[in-house]
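The values are calculated or read from the model by the stated rules, or taken from the named source; none is laboratory data. It should be emphasised that the depicted structure is a prediction, and the values quoted were computed from it without experimental measurement. Backbone-built Cβ (ideal geometry, glycine too); neighbour counts: all protein chains shown.
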Amino acid sequence: MKKVYFTVGFVLCFIFQNQLYAQKFDQLDVNPIDIAYLRNTNISKPIVKVVYGRPHKKSTKVFGEQIPYGKIWSTGANEATEVKFYDDIKFGDKIVKAGTYVLHSIPGEKEWTIILNSNTDTWGSYFYDPSKDIARITVPAEKAKELEVFSIAFRKNYKDTYMVLAWDTTRVSIPLVTHEEMLARI
């Protein structure tokens, strides 16, 4: 009888030990993926979805040190940031068809170049191909309260919509005009 208890106990210990190790995550990404949505209401269909990596501040100054000025950046960490437009949208002054694109940027001290590119499913900006650019706009860089982790959000007021890139003390607002807003302005 003791042998049966010992065997059952041994098997249970083996099962529980495997369960403990099954829940161990050794290789957690230090730059987790996040998603930001633009919707008219919390329960309405999305207008824009952005999937991006959220790097953390590693130096005293992010832009100009950690992320160099004047060089192409994937606008996030790891895989290139992807933007999905569910309907046609005005990006800066260009109409962009519904679809999924990669968001690259070229940070500058006073202004940024923001690029939508059709070369999706890439790692960072390593495979950036300017011939695949869909739209390219320049927007001012503004100073704001410090933010330790790169974030993307949407800001909407009574007539304007912006995709806001925020990290450290820099904020960049990318103007968007949704399909509904385009129709309302006609």
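Here are the numbers for the structure shown:
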| read-out | value |
| --- | --- |
| Residue identified as over 22 Å from LEU38 (Cβ atoms) and touching a strand residue (DSSP E or B) at 6+ places or on another chain (Cβ under 6 Å) among PHE150, PHE63 | PHE63 |
| Within the stretch 113-128, considering residues that are surrounded by fewer than 22 Cβ atoms within 10 Å (Cβ to Cβ) and of a type in the set (Val, Ile, Thr), the one nearest to PRO68 (Cα to Cα) | THR113 |
| Residues of the stretch 46-70 satisfying the condition of being among the β-branched types (Val, Ile, Thr), in contact with a Pro (Cβ under 9 Å, 6 or more places away or on another chain) and outside any strand (DSSP E or B) | VAL62 |
| Among residues of the stretch 30-45, those that are in a loop (DSSP other than H, G, I, E, B) and of a type outside the set (Val, Ile, Thr), counted | 7 |
| Residue within the stretch 171-179 that is in a strand (DSSP E or B) and either out of contact with any Asp or Glu (no Cβ under 9 Å at 6 or more places or on another chain) or on the phi > 0 side of the Ramachandran plot (or both) present | yes |
| Subset of the stretch 71-82 that is at pLDDT 95 or above and assigned to a strand (DSSP E or B) - its residue that is nearest to PHE154 (Cα to Cα) | GLU82 |
| Residue in the stretch 67-74 that is in contact with an Asp or Glu (Cβ under 8 Å, 6 or more places away or on another chain), among the small types (Gly, Ala, Ser) and on the phi > 0 side of the Ramachandran plot present | no |
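Rundown of residues vs (1) over 20 Å from PHE154 (Cβ atoms); (2) surrounded by fewer than 16 Cβ atoms within 10 Å (Cβ to Cβ); (3) in contact (Cβ under 8 Å) with a residue 60 or more places away in the chain, yes/no style:
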| site | (1), (2), (3) |
| --- | --- |
| GLY64 | yes, yes, no |
| TYR69 | yes, yes, no |
| LYS84 | no, no, no |
| LYS90 | no, no, yes |
| ALA98 | no, yes, no |
| GLU111 | yes, yes, no |
